[in-house]
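Undergrad: To start, I am sharing the structure in question, which I have written as structure tokens.
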């Protein structure tokens with residue numbers, strides 16, 4: 001799982017879907033989802049953080065996947081944490 005937070009390129013006066021290169025970011029995440037890499041993604045309510053459940057072998061691979069996100073290159077979002085998640089109940093297909 002990956003948590004991301006606003007970077008210096010984030011415009012706090014605008015909602016997520018009005019940030020610079022929103023459509024490109026959205027298409028990028030949808031493409032990773034179609035490839036089976038992004039399993040879940042979205043903002044954490046009551047927080048400025050974003051949670052992404054990402055299928056990756058390790059932290060480096062997860063970081064590499066997200067480095068191509070247009071919001072990474074613009075510093076709209078930056079990764080704050082990458083952690084392995086030991087699911088004890090349920091499953092993500």
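The values are calculated or read from the model by the stated rules, or taken from the named source; none is laboratory data. The model shown is predicted, which means the values in this text are computed figures rather than measured ones. Note: ideal-geometry Cβ built from the backbone for every residue, glycine included; neighbour counts use all protein chains shown.
Undergrad: I'd like the full set of residues that are within 23 Å of residue 34 (Cβ to Cβ) and surrounded by fewer than 17 Cβ atoms within 10 Å (Cβ to Cβ), limited to region 71-93.
TA: Residues satisfying the conditions are 73, 85, 87, 90, 91, 92, 93.
Undergrad: Within region 67-74, identify whether any single residue is at pLDDT 95 or above, within 13 Å of residue 5 (Cα to Cα), in contact with a helix residue (DSSP H, G or I) (Cβ under 8 Å, 6 or more places away or on another chain) and part of a helix (DSSP H, G or I), and answer yes or no.
TA: The answer is yes, given that some residue of region 67-74 is at pLDDT 95 or above, within 13 Å of residue 5 (Cα to Cα), in contact with a helix residue (DSSP H, G or I) (Cβ under 8 Å, 6 or more places away or on another chain) and part of a helix (DSSP H, G or I).
Undergrad: Quick check: anything in region 37-53 part of a helix (DSSP H, G or I) and either modelled with pLDDT of 95 or more or surrounded by fewer than 12 Cβ atoms within 10 Å (Cβ to Cβ) (or both)?
TA: no
Undergrad: When you go through 91, 60, 24 one by one, which is the residue that is assigned to a helix (DSSP H, G or I), over 16 Å from residue 3 (Cβ atoms) and out of contact with any helix residue (DSSP H, G or I) (no Cβ under 9 Å at 6 or more places or on another chain)? Write out each step before concluding.
TA: Details: 91 fails: assigned to a helix (DSSP H, G or I); 24 fails: out of contact with any helix residue (DSSP H, G or I) (no Cβ under 9 Å at 6 or more places or on another chain).
Residue meeting the stated conditions: 60.
Undergrad: Hey, can you tell me all the residues within region 1-18 that are more than 25 Å from residue 83 (Cβ to Cβ) and surrounded by 11 or more Cβ atoms within 10 Å (Cβ to Cβ)?
TA: 11, 14
Undergrad: Still on this structure: Collect the residues in region 1-16 that are within 15 Å of the chain's Cα centre (by Cα) and at pLDDT below 95, keeping them in residue-number order.
TA: Selection gives 1, 16.
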